[in-house]
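Written below as structure tokens is the structure these notes are about.
Values quoted throughout were computed directly from the atomic coordinates according to the rules given, and no laboratory measurement underlies them. Just so you know, these numbers come straight off a predicted model, no measurement behind them. Counting neighbours? That spans all protein chains shown, and the Cβs are built from the backbone with ideal geometry, glycine included.
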Amino acid sequence: MAAAGSGARAGHENWSSRSAFILAAVGSAVGLGNMWRFPAEAGENGGGAFVLFYIFCVLLIGLPVLLSEVLIGRHGQANAPESVRRLARDSKASEGWSVLASMGVFAAFLILSFYCVVGGWVVYYIGVFASDLFQTGLSGGAFQGRDPEEIKALMPGLFADGTLMAGLNLGFLGVTMFFVARGVSSGIEWVAVYLMPLFFVLFLAITIYGAFTGNFAEAVAYLFTFDFSKLTGEVMLAAVGQAFFSLSLGVAGMMTYGAYANRDTNLGETSGIIAGADTAVALLAGLAIFPIVFAAGLSTNAGPGLMFESLPIAFQQMPFGSAIGLAFFVMIFFAALTSSVSLLEAPTAYVFEKFKLARPVATIIVGAGAAVLGVLSALSFNDLAEFYPLGFIPLFAETNFFDTLDGVTAKLFMPIGAILTCIFVGWIADARLIDSENGLDGALHKLWRALVRFVCPIVLAVILFVGLTS
Ligand code: TRP
């Protein structure tokens, strides 16, 4: 509900309860990053080495940065750049630090644009399984009597059809805009409170099913065998980027959600819950997808198409395959929607507070921008496949528009945003203000502070340097 409060904080909303905040934040974190991007990144970066370094990043870097971000937001009670500015002002520091969040808001907008393209793929598969269920009924697997080659061709078929992909992308973006336009408690919170629990139930059921039927042992060996020689600078940068992407960090998303948290929410504890739930879902998604990849003889480094190509093949062999396939993609749709809503909320909150617009107007402005970039991303799988926007930079040579946005945000914006956040919270902001917000005491507090001041910025700077120069 809009607390029609006083002065600068007029119109600023709050979550209706602590559990609503947790569900919304977990909803932001758990999404396509866990189900689609994590397995694809792990597969492209050598499996175990990537996964273990990823876990290391979540614990040592992701968790402290997550707490720093929600803390900035809760202190400021405003959109991300304004929250940073308020904490800086209260600490008698330069308000110029707000640029770290302005960069973040912009990056969130870029991520939103290609995230909705992948959301469109999910919608496509919902359609595929729904029509299959309609045709064959409940009995037997999906796609009965159809050649596996035909099923493998679904994804390339969609990739080749730029118009369809752009249309699905706009549809997904439109649904996201609808909920963001409705506001915090009646829109954003609604999706989180109803859809996240549904997601967890469906997800557990399907993972357990996969564990009993797929090539589980090989998947476990692949994901958890640590081969030190595979841990290159590039793999490390990819793992940090994935940790940030998955936890919605480095680009102002969690600052924005933290700003709607009440004063009595324990932020330390809440951050632990968010990071724990997100990591558990990523690892379980890996354990659900790789058994199928191995059993079907697919290549682990299939890239963005990995999840979408492997799963339909598995569903063909399962009893009730079309119903399970439909449930699975509906579940991913829910998870993706709670994340895209948070991606849109960060720039929207900034635009409507900064320019004093109505929330729906700001939603439409930001959404329209994301629509244009999204169409370019959708076309980079077909008509614009040869367009390499940053081709002159070696790291992005032969990288299409979609992969460039993904790479620039995860490998540059997120680590740089996080380094600045750590320096700001650890060194610039008034320590007493920070201490009163974080909800940690004793040894845990000291540990967190040491991580934010020293470990995170230094490790991040080294990884960024090695990753960019190797
Ligand atoms: N974390 C989400 C996922 O894993 C994606 C996401 C939502 C995000 N909000 C974000 C990524 C903010 C970066 C920043 O799917």
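Relative to the first principal axis of the alpha-carbon coordinates of the chain, what is the inclination of helix 189-213, with its axis defined by its Cα atoms, in degrees from 0 to 90 and to the nearest 10?
Here the helix axis deviates by roughly 40 degrees.
About the Cα centre of the chain, what is the dipole size in debye to 20, counting +1 per Lys and Arg Cβ and -1 per Asp and Glu Cβ, all else neutral?
Here the size comes out at about 1320 debye.
Where does helix 456-469 land angle-wise versus the long Cα axis of the chain, in degrees 0 to 90, nearest 10?
So the inclination is approximately 50 degrees.
Calculate the FRET efficiency for A431 and T163 from the Cβ-Cβ distance with a Förster distance of 45 Å, rounded to the nearest 0.05.
Computed FRET efficiency for A431 and T163: 0.20.
Regarding the chain, what are the three Cα extents along the principal axes, ordered largest first, in Å?
Principal extents (largest minus smallest coordinate, Cα): 69, 50, 44 Å.
Among L52, L158, which comes first, second and so on when ranked by fewest other beta-carbon atoms within 10 Å?
Least crowded to most crowded, the residues run L52, L158.
Pairs of alpha-carbon atoms within less than 8 angstrom and 6+ residues apart define the contacts here; what relative contact order does the chain have, in percent?
33
If you take the square roots of the eigenvalues of the alpha-carbon gyration tensor of segment 189-241 and sort them as a ≥ b ≥ c, do you get rounded (a/c under 1.5), prolate (a/b over b/c) or oblate?
Here segment 189-241 falls in the oblate category.
What is the distance in Å between the Cα centroid of segment 338-389 and that of segment 70-140?
Segment 338-389 and segment 70-140 have Cα centres spaced 10 Å from each other.
Using alpha carbon centroids, what distance separates segment 258-329 and segment 398-458, in Å?
26
If you take the square roots of the eigenvalues of the alpha-carbon gyration tensor of segment 341-470 and sort them as a ≥ b ≥ c, do you get rounded (a/c under 1.5), prolate (a/b over b/c) or oblate?
oblate
How large is the helix-only mean residue ellipticity at 222 nm for the chain, computed as the sum of -39500 (n - 2.57) over DSSP H runs with n ≥ 4, divided by its residue count, in deg cm²/dmol to the nearest 500?
Calculated mean residue ellipticity at 222 nm is -22500 deg cm²/dmol.
Test of understanding: ordering L444, L376 by Cβ neighbours within 10 Å, fewest first, what list do you get?
Placing the least packed residue first, the sequence is L444, L376.
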